[in-house]
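Here is the structure we will look at, set down as structure tokens.
The values are calculated or read from the model by the stated rules, or taken from the named source; none is laboratory data. Just so you know, these numbers come straight off a predicted model, no measurement behind them. Using ideal geometry, Cβ is built from the backbone for each residue, glycine included, and neighbour counts are taken over all protein chains shown. Please note that ligands, DNA and RNA were not included when accessible areas were found on the heavy atoms of the full protein model with its side chains. Shrake-Rupley method; radii C 1.70, N 1.55, O 1.52, S 1.80 Å.
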Amino acid sequence: MRKLIIKPDMMQTAAICIVVLFIGKWIKGKVDFFEKFCIPAPVIGGFLFAIIHLFLREFGILEFQMDVTFQDPFMMFFFTSIGLIASIDIIKKGGVGVIIFYIATVILVFLQNGVGIGIAKFLGEDSLLGLLCGSITMVGGHGTAGVWGPEFVKNGFVGANEIGMAAATFGLIMGSLIGGPIGGRLIKKNNLAPSVLDKEENIRYKEEELINTVVEEINVNEILKTMAVIFVSIAIGVILKNELLKLWQKLILPAYVTSMLIAGIYRNTIGRKGTFKVNERCANLLGDIGLNMFLAMALTNLKLWQLAEVAGPMIIILLVQTLIIVLYTTFVTFNIMGRDYDAAVLSAGMCGFGMGATANGVANMSSVVEKYGPAPKAFFILPIVGAFLIDLTNTFAITFFASLF
């Protein structure tokens, strides 16, 4: 029996990915496991498609050859939108706590990369395997994995896309499993509890949030204006990237990095107020669309058969990364954040976003405060660092390590 090869064009591929995305959403709504661990819908649907594709291919029945022309534009859209919501004013409002937690996260980024590369070399594997199982997928998650996988493939590392997505999914699950227990253990061991001030601040914080929340209108004009800023930022960013590559030819630099920087500069200058003020609701909306479609395309196009050769070493590195973050949050994060109740809650949060995504970090903290009481400072600090601050820093760290190998 001759294997059937299907080659969808870019529009047909996009249509398949949208269907896969909504199948993932449906499954997530039906299965508590996926909801509990904050597994994104495109990851659920995409992996399901990739697994079915693996079996069809291995049994010689059917093979898809997708045209993922739209994948990079969606990726650029998502990361550039992050630059548009990166407000320096919010960072200033977070105070010293944000700076300290940010520094702790930067150290974690370099530690994850150093450990990953070191173990990969020890096992006789490519250093890029260690980097893929480092901050690319741990702090970075699926979005960053989807960007750097193709970059590594261009540099001769076959299977980088599949390794990245598998490692990111492992991180999401493990980060969610260990976060709550670590936070709870620190609270019990040190006899911690929310202070009266914490409880009062929590009430005041929620009241201020309600009072100060300005509901930005979403309409065609606002969406087009936000899209214009994103497209212009991407255009200028690509020019800037090309100039940087002329100066340093060995530099591995995805185009989104410079575009995100340009968008961030706009957000904190022209886009702060007035006619050209950034509409953050529109930026978040467009960014969510970009991320969902980018992940759906990246995961639907996975070639899982390329994982076989490195599955063993990859699992070893990821298990060590899990041990590292348990020790780091317990002995470093907790101590430098003040050894108080908020520090314990932040330690639980770092497990979540340090191995997966900000949403997982917030979910971890929510499970802790639900049992022990409010931690308003922790809920203010972690999203600022996890939502956009660390993304930029992580990108530069990955670029540095990648350029070495």
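Of note:
- Hits in the range 1-48 - residues which are open to solvent by less than 40 Å² (accessible area, probe 1.4 Å) and over 21 Å from the mean Cα position of the chain (by Cα): P8, T13, A14, I27
Results for (1) farther than 19 Å from V257 by Cα; (2) assigned to a helix (DSSP H, G or I); (3) of a type in the set (G, A, S), shown as yes or no for each residue.
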site: I136; (1), (2), (3): no, no, no
site: H142; (1), (2), (3): no, yes, no
site: I163; (1), (2), (3): yes, yes, no
site: T169; (1), (2), (3): yes, yes, no
site: L177; (1), (2), (3): yes, yes, no
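- Hits in the range 249-291 - residues which are closer than 18 Å to H142 by Cα, open to solvent by 40 Å² or more (accessible area, probe 1.4 Å) and either modelled with pLDDT under 90 or part of a loop (DSSP other than H, G, I, E, B) (or both): N284, D288, L291
- Extreme residue, surrounded by the most Cβ atoms within 10 Å (Cβ to Cβ), among residues of the range 81-115 that are at pLDDT 90 or above and of a type in the set (S, T, N, Q): Q112
- The condition of being farther than 17 Å from I173 by Cα and either in contact with a Ser or Thr (Cβ under 9 Å, 6 or more places away or on another chain) or buried (at least 24 other Cβ atoms within 10 Å of the Cβ) (or both) does not hold for I336.
Yes/no per residue for (1) modelled with pLDDT of 90 or more; (2) small (G, A, S):
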position: L295; (1), (2): no, no
position: L323; (1), (2): yes, no
position: G338; (1), (2): yes, yes
position: D342; (1), (2): yes, no
position: G354; (1), (2): yes, yes
position: Y372; (1), (2): no, no
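- Residues of the range 371-405 that are more than 13 Å from the chain's Cα centre (by Cα) and open to solvent by 40 Å² or more (accessible area, probe 1.4 Å): K371, Y372, K377, F379, F380, F396, F400, L404, F405.
- Restricting the range 211-241 to residues that are touching a Ser or Thr at 6+ places or on another chain (Cβ under 6 Å) and closer than 16 Å to F78 by Cβ, the residue that is modelled with the lowest pLDDT: G237
- Unmet requirement for A166, which otherwise passes all of (1) among the small types (G, A, S); (2) more than 15 Å from the chain's Cα centre (by Cα); (3) farther than 30 Å from P376 by Cβ: (2)
- Here T399, T329 are screened, and the one residue that is at pLDDT below 90 and β-branched (V, I, T) is T399.
- Neighbours by Cβ (under 7 Å, 6+ apart or cross-chain): first from the range 26-46, more than 15 Å from A296 (Cβ to Cβ); second open to solvent by 30 Å² or more (accessible area, probe 1.4 Å) and of a type in the set (K, R): F34/K28; E35/K28
- Residue that is nearest to I6 (Cα to Cα), among those in the range 55-69 that are of a type outside the set (D, E, K, R), within 26 Å of the chain's Cα centre (by Cα) and open to solvent by 40 Å² or more (accessible area, probe 1.4 Å): V68
- Flag for V368 being open to solvent by less than 40 Å² (accessible area, probe 1.4 Å), touching a Gly at 6+ places or on another chain (Cβ under 9 Å) and among the hydrophobic types (A, V, I, L, M, F, W, C): yes
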